[in-house]
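Trainee: Shown below is the structure under consideration.
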Amino acid sequence: MDDVYYNPSKFGLTPVAEIQDGTLSYEFDILAVWKEDATGFLYYAQDNGCSCPSPFEDMRSLESLNKVVTQEDWNRFERAAREWNRDYRDKNKSESLPYFLKAAHDAWKCPYCGEVACENEKCFTIKSIARTVNYGQ
């Protein structure tokens, strides 16, 4: 399959993290994050369905994913993750959300200086984003 989930390297992506509802049987509901190798930007997407389709089978380009570049993009991503998590009451899923968010945050490369999880206040202020991410909530 030539989709971002099963062949991320064909799109210049490296998987960072995914979170899924492990209680489903013959179904899937996955929120995944990838890092673009060339730029360090993050991309994320959510997909769900029965066992007939494959996860993310319709996502065959970077344009089909959500890109995280700005703080607003990060906030949108974090809201999406929390909304996705809120749809379920599975304890294992809820406990894994902080680790999912931390893995994504730690992989995020500053688009200005190129540092991973940049703390240079003159660059894109990932430091301020880190303060807004409450991994335990």
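Trainee: Which members of the stretch 6-24 meet the condition of being modelled with pLDDT of 90 or more, touching a Phe, Trp or Tyr at 6+ places or on another chain (Cβ under 7 Å) and buried (at least 19 other Cβ atoms within 10 Å of the Cβ)?
Mentor: Selection gives Pro8, Leu13, Val16, Ala17.
Trainee: So if I check each of Asp3, Asp58, which one is at pLDDT 85 or above, in a loop (DSSP other than H, G, I, E, B) and in contact with a helix residue (DSSP H, G or I) (Cβ under 8 Å, 6 or more places away or on another chain)?
Mentor: Asp58
Trainee: Return the residues of the stretch 25-52 that are within 19 Å of Lys10 (Cβ to Cβ) and modelled with pLDDT under 90; say none if nothing qualifies.
Mentor: If the condition is that a residue be within 19 Å of Lys10 (Cβ to Cβ) and modelled with pLDDT under 90, then Asp37, Ala38, Thr39, Gly40, Phe41 are the ones that fit.
Trainee: Just give me the residues in the stretch 19-39 being over 16 Å from Tyr99 (Cβ atoms) and either touching a helix residue (DSSP H, G or I) at 6+ places or on another chain (Cβ under 7 Å) or aliphatic (A, V, I, L, M) (or both), in sequence order.
Mentor: First pass over the stretch 19-39, keeping only residues over 16 Å from Tyr99 (Cβ atoms): 23-29, 34-39.
Listed by number, the residues that qualify are Leu24, Trp34, Lys35, Ala38.
Trainee: Being among the basic types (Lys, Arg) and touching a residue at least 40 places away in the same chain (Cβ under 8 Å) is the filter here, so list the residues in the stretch 1-52 that pass it.
Mentor: Lys35
Trainee: Here are some conditions: (1) in a helix (DSSP H, G or I); (2) surrounded by fewer than 19 Cβ atoms within 10 Å (Cβ to Cβ); (3) at pLDDT below 90; (4) out of contact with any helix residue (DSSP H, G or I) (no Cβ under 7 Å at 6 or more places or on another chain). Ser94 meets all but one. Which one does it not meet?
Mentor: (4)
Trainee: Anything in the stretch 43-79 that is under 19 Å from Asp3 (Cα atoms), of a type in the set (S, T, N, Q) and surrounded by 14 or more Cβ atoms within 10 Å (Cβ to Cβ)? List them, or say none.
Mentor: Within the stretch 43-79, Gln46, Asn48, Ser54, Ser64, Asn66 meet the criteria.
The values are calculated or read from the model by the stated rules, or taken from the named source; none is laboratory data. From a predicted model like this one, the values you see are computed outputs, not experimental measurements. All Cβ positions, even for glycine, are placed from backbone atoms using ideal geometry, and neighbour counts span all protein chains on display.
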